[in-house]
Amino acid sequence: MHKLIRRMITTGIVSAPKPAPMDLAPETYDSAKALVRRLGRALAVRHVDAGSCNGCELEIHTLSNAHYNLEGLGIHFVASPRHADILMVTGPVSRHMVPALLTAYEALPNPKLVLALGDCAAGNGMFGVSYATVGNVSAVIPVDITLLGCPPTPTAILAAFVALTQPVASSNIK
Ligand code: SF4
């Protein structure tokens, strides 16, 4: 037992050091923090997968890991568009998702900020227009910002949240 304890003490911590969370784009993180401060509350995002291949979703999920720490910035995903500031849509909009997308947009409170995320949502994707897909989000609902990439990086997604919400946050300043 003593031998084991001595070994634990002399070996120390052997795991790799945790990477710095802001090593990717510090200015993007700073802008996100400032944005949430100006809003005076958390920023809420509702995601609708309108026929994505799930590549975009992997990058979106990555934002929530300990490294990117989206929740730590005060930005979180919500279950209902009624509670959201941003409606984020991925995929080329499969035709059976059109009614659901329209319902989500109707439920979104004003000013109804919409982010079309990824090449497919923007109309530049590999699926295009077909019997199964509409081809882009803006053919179904109004889009405020389009973020290209197949898929876009987590940092680019964060930057799009900031760009989209900046005018609303600025109007909060008294
Ligand atoms: S943009 Fe690329 S990663 Fe995103 S849904 Fe389309 S094919 Fe998949």
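Would you call C120 closer than 21 Å to C53 by Cα and in contact with an Asp or Glu (Cβ under 8 Å, 6 or more places away or on another chain)? In short, no.
Considering each residue of the range 51-68 in turn, none proves to be of a type outside the set (D, E), buried (at least 20 other Cβ atoms within 10 Å of the Cβ) and touching an Asp or Glu at 6+ places or on another chain (Cβ under 7 Å).
Within the range 81-105, residues that are over 16 Å from G51 (Cβ atoms) sit with their Cβ atoms under 6 Å from residues that are within 16 Å of the ligand (Cβ to nearest atom), at 6+ positions apart or across chains, in these pairs: I86/L115.
Contact map, the range 139-162: residues that are within 11 Å of the ligand (Cβ to nearest atom) paired with residues that are among the hydroxyl-bearing types (S, T, Y), Cβ distance under 6 Å, separation 6+ or inter-chain. No pairs are found. All of (1) within 16 Å of the ligand (Cβ to nearest atom); (2) under 20 Å from the mean Cα position of the chain (by Cα) hold for N110 with one exception: (1).
Sort through A116, A66 and tell me the only one that's among the aliphatic types (A, V, I, L, M) and in a strand (DSSP E or B). Write out each step before concluding.
Working: A66 fails: in a strand (DSSP E or B).
The match here is A116.
Just give me the residues in the range 34-78 being among the small types (G, A, S) and either out of contact with any strand residue (DSSP E or B) (no Cβ under 8 Å at 6 or more places or on another chain) or within 17 Å of I145 (Cβ to Cβ) (or both), in sequence order. Please lay out each step first, then the result.
Our first condition is that a residue be among the small types (G, A, S); within the range 34-78, this holds for 34, 40, 42, 44, 50-52, 55, 64, 66, 72, 74.
If the condition is that a residue be among the small types (G, A, S) and either out of contact with any strand residue (DSSP E or B) (no Cβ under 8 Å at 6 or more places or on another chain) or within 17 Å of I145 (Cβ to Cβ) (or both), then A34, G40, A44, A50, G55, A66, G72 are the ones that fit.
The set of residues in the range 1-41 being among the acidic types (D, E) and at pLDDT 85 or above consists of E27, D30.
How many of the residues in the range 127-138 are within 12 Å of the ligand (Cβ to nearest atom), part of a loop (DSSP other than H, G, I, E, B) and either of a type in the set (D, E) or in contact with a helix residue (DSSP H, G or I) (Cβ under 7 Å, 6 or more places away or on another chain) (or both)? Before you say what the answer is, go through the steps one by one.
Let us first name the residues in the range 127-138 that are within 12 Å of the ligand (Cβ to nearest atom), namely 127-128, 133, 135-137.
Applying the additional criterion that residues be part of a loop (DSSP other than H, G, I, E, B) yields 127-128, 135-136.
Narrowing further to those that are either of a type in the set (D, E) or in contact with a helix residue (DSSP H, G or I) (Cβ under 7 Å, 6 or more places away or on another chain) (or both): 127, 136.
Qualifying residue count for the region: 2.
Does A121 qualify as being within 16 Å of the ligand (Cβ to nearest atom) and in a helix (DSSP H, G or I)?
Working: within 16 Å of the ligand (Cβ to nearest atom): yes; in a helix (DSSP H, G or I): yes.
Yes.
The values are calculated or read from the model by the stated rules, or taken from the named source; none is laboratory data. As the structure is a computational prediction, the values presented were derived from the model and not from experiment. For neighbour counting, all protein chains shown are included, and Cβ atoms are generated from backbone atoms with ideal geometry for every residue, glycine included.
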